[in-house]
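A quick write-up on the structure given underneath.
The values are calculated or read from the model by the stated rules, or taken from the named source; none is laboratory data. The shown structure was predicted, so the numbers you read here are calculated from the model rather than taken from an experiment. Cβ: placed from backbone, ideal geometry, glycine included. Neighbour counts: every protein chain shown.
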Amino acid sequence: MRNFYSGNRTEISLRDELINTLDGNFPEISKKQKGVVRRMRRDSSDNLIACVCNDLVSGEGDKDGPCPYCLGEKFYWEEEFIYFYRFEPGYDTSRALKEMNIVPGNLNVPLRVFYVDYQGALTKDDKMIELVLDSSGDPVEPLRRRAIYRIGSLFDARADEGRIEYWKVVCYEDKTLSLNVV
């Protein structure tokens, strides 16, 4: 009989493998890209904290321009730097985001897939942000956002013991007018 709770692991660590992929492990080169995750702030009941610009009747944010507190998100948020590997599968060929029937025809949304090492929990309310990079792959100074992505599907890759090893985040671009407003 096998003891599943022993400390002797015989399989590879998925977390270490992703870190080696991102950072590069000789003879491979680093594949990571610096980006930002926008984590929506929550109260003690795990509800999103609404911004002061939200209208109490309609629940919509300020329409006169981007709110200086939430930049049109309608909720308070915090941004933090992360490293990820971005993959472009093209258009949605899986069932991550289903096609919607609209008047002119079917709409197919181009997707981006981000592989992120485990740095805390992600939710579907959070957003992934790509930064403008220079020719060597470093973010330009001052930092500028290239694109903001809404999370369509979120997969937590777990190993045998149930620990989250990394996140696979399937996103679509959030067209916004206030990319680099401060």
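A few remarks follow.
- Taking (1) within 25 Å of Gly24 (Cα to Cα); (2) at pLDDT 90 or above; (3) among the hydroxyl-bearing types (Ser, Thr, Tyr) in turn, Tyr76 satisfies each apart from (1).
- Members of the range 12-39 that are over 24 Å from Leu143 (Cα atoms) and not charged (D, E, K, R): Ile12, Ser13, Leu14, Leu18, Ile19, Asn20, Thr21, Gly24, Asn25, Phe26, Pro27, Ile29
- Residue in the range 155-172 that is nearest to Leu14 (Cα to Cα), counting only those that are buried (at least 16 other Cβ atoms within 10 Å of the Cβ) and either modelled with pLDDT of 90 or more or within 11 Å of the chain's Cα centre (by Cα) (or both): Trp167
Yes/no per residue for (1) part of a strand (DSSP E or B); (2) in contact (Cβ under 8 Å) with a residue 60 or more places away in the chain; (3) not basic (Lys, Arg):
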{"residue": "Asp125", "(1), (2), (3)": "no, yes, yes"}
{"residue": "Ser153", "(1), (2), (3)": "yes, no, yes"}
{"residue": "Ala157", "(1), (2), (3)": "yes, yes, yes"}
{"residue": "Gly162", "(1), (2), (3)": "no, no, yes"}
{"residue": "Glu165", "(1), (2), (3)": "yes, yes, yes"}
{"residue": "Lys168", "(1), (2), (3)": "yes, no, no"}
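- Applying the criterion of being in contact (Cβ under 8 Å) with a residue 24 or more places away in the chain and assigned to a loop (DSSP other than H, G, I, E, B) to the residues of the range 29-64, the residue that is farthest from the chain's Cα centre (by Cα) is Cys51.
- The set of residues from the range 79-118 being part of a loop (DSSP other than H, G, I, E, B) and at pLDDT below 75 comprises Asp92, Thr93, Ser94, Arg95, Ala96, Leu97, Lys98, Glu99, Val103, Pro104, Asn108, Val109.
- The single condition from (1) touching an Asp or Glu at 6+ places or on another chain (Cβ under 9 Å); (2) at pLDDT below 85 that Gly59 fails is (1).
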